[in-house]
Amino acid sequence: MSGERHWPTLDDVRALDAADTLGTCRDRFALPDGVIYLDGNSLGALPRASAARIAQTVTREWGGDLIASWNKHGWIDAPARLGARIAPLIGAAADEVIVADSTSANLFKLIVAACQARPGRSMILTEPGNFPTDLYIAQGVATTLPGRQVSAAADIVAAIDGDTAVVVLTHVHYKTGAMRDMHAITAAAHAAGALMLWDLSHSVGAVEVDLEGCGADLAVGCGYKYLNGGPGAPAFLYVARALHGTLASPMTGWMGHAAPFDFGDDYAPADGMKRFLCGTPPIIGMAALDAGLDTFDSVAMADVVAKSRALSELLIAGIDARCPGLTMASPRDAAMRGSHVSVAHPNAWEICQALIARGVIGDFRAPDVLRLGLTPLYTRFEDVWQAVEIIADVLARETWRDPAYAVRAAVT
Ligand SMILES: Cc1ncc(COP(=O)(O)O)c(C=O)c1O
């Protein structure tokens, strides 16, 4: 395919940046000079306002008002307040989303809740190669609940049957960037009487998601990727309103109680999404996530989606035209792709390290994938163009062969 696609000039891509309706959003981030950051799908960049926002929570609220801050500064309502801010990004109503715990913990809560809502069915259905935590949590649920098992099927729709309790799928695949048809798969799950749980970790804030429109039952997602909430940011979960009151969380902590400050001995679930809270919310992390969500102020998701596609089309054109030796591992059809582009190469790890040394930050996923994330709020067309030129140079001159790049780090 090399050379088939048109590769624009630097002036061409600068014109695209000049015309970009989201161009000024980049000023909302404190990106280091000399770095082309293509890893916002793993850890979103630091918003400029985050440090002051966290400092305010720590110094003024925690330091000045101490425990009164739970009421005075609305700390206690932060999970629901932030959930309501995420809701419009995923096509949900404000009261259908809450921020809590990690994506992994939220998967546990919702897979158990779904299994218990489908008592006669044994199967938790997912796909091989799903993000490991989704598989591991499903396996953990199966060993915890009697009579449940996990099935991983490549053809999900064909595998859904009358024994399926819940289908657990990631909307945008972490490794390939492939995007699933949410409407079709949700409809197939429902036709068989199963519940549908979507992991939106690689979708929220980057691609179009319409949970209500496709009738999805359940969803979870990360706060630290495209939502820019900072490392280990609290995650979110969604339960369709029709299921509020029916589903119960297996993690029956006091913050999910109907009246936590009555301090009664017996658990009684709160109404609505609050029952999916467990322990005390991490307020400093919530403050950082709040600042991350501010980066979406006055931004139309349609513009984000359009720019994500345009950036990834440019990147794919550049890889085709300038980077022989890399194999496209993401769908070429933009409608079937999320906001990162993955390429395969036997030495993807070394290439990734050589790129980082040149200021192009992507990441590596074993065994052979280099991921390049496109974050519409701060990635410029020029960044993609420059990144392609640097990748082409690293490949042409084989600088990745430097033995220093062979050393594997703990986090890839
Ligand atoms: C699809 C998906 N789910 C879940 C997670 C992470 O979950 P947690 O925040 O619990 O580590 C990731 C992280 O990359 C992911 O890609």
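The values are calculated or read from the model by the stated rules, or taken from the named source; none is laboratory data. No experiment lies behind these values; they were computed from the predicted model shown. Positions of Cβ are generated from backbone atoms using ideal geometry, with glycine treated the same way; all protein chains shown enter the neighbour counts. In case anyone asks, the SASA skips ligands and DNA or RNA and just uses the protein heavy atoms, side chains included. Shrake-Rupley method; radii C 1.70, N 1.55, O 1.52, S 1.80 Å.
Annotations
- Distance from the range 27-82 to the range 178-206 (C-alpha centre basis), Å: 30
- Additional length obtainable on full extension of the chain from Ala68 to Ser298, 0.36 nm per residue less Cα span: 79.6 nm
- In the chain, Cα pairs under 8 Å separated by at least six residues give a relative contact order of 23 percent.
- What the chain shows is 40 Å² of accessible area per residue, with the surface traced by a 1.4 Å probe over protein heavy atoms.
- A P(r) calculated from all alpha carbon pairs of the range 100-212, with 10 Å bins opening at zero, reads 15, 50, 32, 3 percent.
- The chain: antiparallel DSSP beta bridges as a percent of all, rounded to 5: 55
- Within the chain: Cβ-based charge dipole about Cα centre, in debye rounded to nearest 20 (Lys, Arg +1; Asp, Glu -1): 420
- Across all Cα atoms of the range 301-369, the radius of gyration (one decimal) and Dmax (whole number) stand at 12.7, 36 Å.
- Shape summary: the range 140-188 maps onto an equivalent ellipsoid whose semi-axes, from the alpha-carbon gyration tensor, are 22, 14, 9 Å in decreasing order.
- Lys/Arg +1, Asp/Glu -1 at C-beta; the range 51-294 dipole; positive extreme among Gly292, Gly91, Ala159: Gly292
- Computed from the C-beta positions of Ala404 and Leu243, the FRET efficiency with R₀ = 41 Å rounds to 0.20.
- Kyte-Doolittle mean at least -1.0 and Cα axial length at least 20 Å: DSSP H helices in the chain: 103-117, 301-322, 381-397
- Quotient of the Cα radius of gyration of the range 51-294 and 2.2 N^0.38 Å, N being its number of residues: 1.01.
- By the Cα gyration tensor, the range 226-375 has an equivalent ellipsoid whose semi-axes, rounded to whole angstrom, run 42, 18, 16 from largest to smallest.
- In Å, descending, principal axis extents of the Cα set of the chain: 68, 57, 40
- In straight-distance terms, cross-link reach from Lys307 covers every one of the lysines whose alpha-carbon lies under 19 Å from its own, apart from those fewer than eight places away in the same chain; here that gives Lys225.
- Residue (of Ala113, Ile137, Val150) at the positive-pole extreme of the range 51-294, dipole from beta-carbon charges: Ile137
- Each peptide in 323-335, 189-201 receives the mean, over its residues, of other Cβ atoms within 10 Å, and ordering these scores from highest gives 189-201, 323-335.
- Taking the protein heavy atoms of the range 51-294 in the context of the full set of protein chains, the accessible area attributed to carbon and sulfur is 58 percent at 1.4 Å.
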